[in-house]
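One structure below.
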Amino acid sequence: QREVRQLGRKPGFSIFDDQDSKALLKELLIDHSDAASTLVDLCQQQISQWKNACLSPDHVAGLAESPQEARIVEVFRRYQQALTSYNAVDFDDLIGLPVQLLSTNPEALNRWQSKIRYLLVDEYQDTNVSQYRLVQLLGGARHGLAVVGEDDKSIYAWRGANPENLVQLETDFPGLKVVKLEQNYRSTNRILRAANRLIANNPHVYEKRLWSEKGLGEFIQVLQVPNDDAETERIANQ
């Protein structure tokens, strides 16, 4: 908000939610057939992925490999122009535009780095490229940075999350110290041993071993049910 004019917007700008963005894309596509509805969803998903990867319409202009991809690139360009005309941003812009500003404006970068002494990022395994870049820019060279993450817990790769950001930290912030939070306060050791055996099959960034002071605990039951409704009913009844 404080840098709004440098970001090509005016004070009092609007924030488009997912439905607002979808409505704008429908206007840009004009065609309101069922096929166009599918294309709207495809455009929205692809544009979000491009923005999360810090890619502008100019960056992706030469990447199209089919007429449909070329159409999405053109929709992306018109979509960004329309947002500016409406004095609006979407959710992805709330990170993408600050990254753009801090990457190209040394004065703004110094101003915001001087305001932040310590930076804490939670659920770090679910950060995408633009989020990582924002952390990197704001953190600067002072290393007043702490992140909490679990590489075995990453479930949002389908929407751009990049768990490899945990590895990249060691390169970009070599002074960081790794603290493993391996003690579990919720589960018994029998559950944790099963979890450790299962997690051992994952490609790891950091090796870890969960343990608890709650004792061995009851035997684990494996129950087979035909579908999720039956699972829900069984759990509720039990």
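The values are calculated or read from the model by the stated rules, or taken from the named source; none is laboratory data. Treat the numbers as computed from the prediction; the structure is a model and nothing was measured. Note that we place each Cβ from the backbone using ideal geometry, even for glycine, and neighbour counts take in every protein chain shown. Just the protein is used for accessible areas: all its heavy atoms, side chains included, with ligands, DNA and RNA removed. Shrake-Rupley method; radii C 1.70, N 1.55, O 1.52, S 1.80 Å.
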Rank these residues by their accessible area, most exposed first, probe 1.4 Å: Ser85, Ser103, Ser212. Ser85, Ser103, Ser212
On average, how much accessible surface per residue is there in segment 49-155, in Å², for a 1.4 Å probe, leaving out ligands, DNA and RNA? 54
Please return the longest stretch of the chain lacking exposed loop sites, where chymotrypsin sites (Phe, Trp or Tyr not before Pro) count only if DSSP places them in a loop and at most 11 other Cβ atoms lie within 10 Å. 1-117
Give me the percent of the accessible area of segment 1-147 that comes from carbon and sulfur atoms, probe 1.4 Å, all protein chains in place. 51
Convex hull over the alpha-carbon atoms of the chain: what's its volume per residue in Å³? 206
Degrees separating the helix 106-115 axis from the principal Cα axis of the chain, which is the longest one: 40
Please give me, ordered by residue number, the GluC sites (Glu not before Pro) of segment 50-94 that lie in loop per DSSP and have at most 15 other Cβ atoms within 10 Å. Glu65
One quarter of the convex hull surface, Cα atoms only: what value does that give for segment 119-238 in nm²? 10.0
Find the centroid of the Cα atoms in segment 178-203 and in segment 98-132, then give the distance between the two in whole Å. 32
Assuming 0.36 nm per residue, please report the length gained on full extension of the stretch Ala146 to Asn105 beyond their Cα-Cα distance. 12.2 nm
In Å, the C-alpha Rg and Dmax of segment 69-108 are 12.3, 37
Running a GNM on the chain with Cα contacts under 10 Å, which residue among Arg117, Arg77, Arg186 ends up with the highest mean-square fluctuation? Arg186
Net charge, Gln81 excluded, C-beta distance under 14 Å - Lys, Arg +1, Asp, Glu -1: -2
Per-pair calculated FRET efficiency, R0 = 25 Å: Gln6 and Glu74 via Cβ, rounded to 0.05: 0.40
So between Leu181 and Ser37, what do we pick up on full extension, going 0.36 nm a residue minus the alpha carbon distance? 47.3 nm
Tilt, helix 129-139 to longest principal axis of the chain (alpha-carbon atoms), in degrees rounded to tens, equals 90
Mind pulling the angle between the C-alpha long axis of helix 93-104 and the longest principal axis of the chain? Nearest 10 degrees, somewhere in 0 to 90. 70
Kindly provide the helix-only [θ] at 222 nm of the chain, computed as the sum of -39,500 (n - 2.57) over DSSP H runs of four or more divided by all residues, to the nearest 500 deg cm²/dmol? -15000 deg cm²/dmol
So for segment 48-177, Kirkwood radius off the Cα pairs, Stokes-Einstein at 20 °C and 1.002 mPa s: how many µm² s⁻¹? 132
